[in-house]
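Colleague: Okay, here's the structure, questions in a sec.
The values are calculated or read from the model by the stated rules, or taken from the named source; none is laboratory data. Not measured: the values here are computed from a predicted model. Reconstructed Cβ throughout: ideal geometry from the backbone, glycine too, with neighbour counts over all protein chains shown. SASA here: full protein model, heavy atoms, side chains in, ligands and nucleic acids out. Shrake-Rupley method; radii C 1.70, N 1.55, O 1.52, S 1.80 Å.
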Amino acid sequence: MKLVVLTTIVTAVIATVLVTVFLHMRVMALASVDFRVTYPEVPVEVTEAVRSAEAQYYASLSMPRRLAEEGEDILALLWPAAVKKLDFSVGPYRIKASTMEDIFPWAISAGYLVLVDAEPDEALASISYFSEQPALADWGASLVLEHLRLRHPEMRMMGWDTIRSDPHLIAKLYSGYMGAGGDWVGWESSLSPGPEALRRMKLQGP
């Protein structure tokens, strides 16, 4: 009996030490990455519409799927590099690391991201962690939305006030936010949002 108790205590101590060392390493790794962000001028109403649509969609999923999504968020806090490598969608906007990676060069050239003391890969991995923080999650979403606006031939000519006032234009950006069904040529050729974006935003077709 005493041996069992002793073994339990030793195991608990070892586990505590290992967890402490792991967390210390995570803190040091995150503290070593220094970057600055500037927000694109995307209206709050637009980012909130996207955030609400994502939240309602994921809330409608099955319990196993919701638990898997929550697991991805937990992993983003514990091991951001793994989330980047596995390309999980994390944070309230469910943004994938590959999405951020694709627009990193543009974000840097446009001045929305300044790497002070970090390699791009290090910053990208860290952003998976910071995507769980409200302010940086909003930054990431606004970055993606501004990039989409500039990508679309007609929408790039519109100001954000015009887009903010038209739910169908927001839904159009949301179609691109979801990947445009892989048909980027089709997405760029009209202002009509896709059916899934309309469904998630509870809109009728224009």
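Colleague: Kindly state which helices (runs of 4 or more DSSP H) lie completely within the range 34-96 and contain at least 3 residues that are over 17 Å from Lys202 (Cα atoms), modelled with pLDDT of 75 or more and open to solvent by 70 Å² or more (accessible area, probe 1.4 Å).
Modeller: Because the criterion is at least 3 residues that are over 17 Å from Lys202 (Cα atoms), modelled with pLDDT of 75 or more and open to solvent by 70 Å² or more (accessible area, probe 1.4 Å), the helices (runs of 4 or more DSSP H) in the range 34-96 that meet it are 63-78.
Colleague: Please enumerate the residues belonging to the range 134-162 that are more than 25 Å from Phe35 (Cα to Cα), basic (Lys, Arg) and surrounded by 14 or more Cβ atoms within 10 Å (Cβ to Cβ).
Modeller: Passing the criteria: only Arg151.
Colleague: Could we say that Gly176 is surrounded by fewer than 18 Cβ atoms within 10 Å (Cβ to Cβ) and either among the small types (Gly, Ala, Ser) or touching a residue at least 12 places away in the same chain (Cβ under 8 Å) (or both) here?
Modeller: No, not satisfied.
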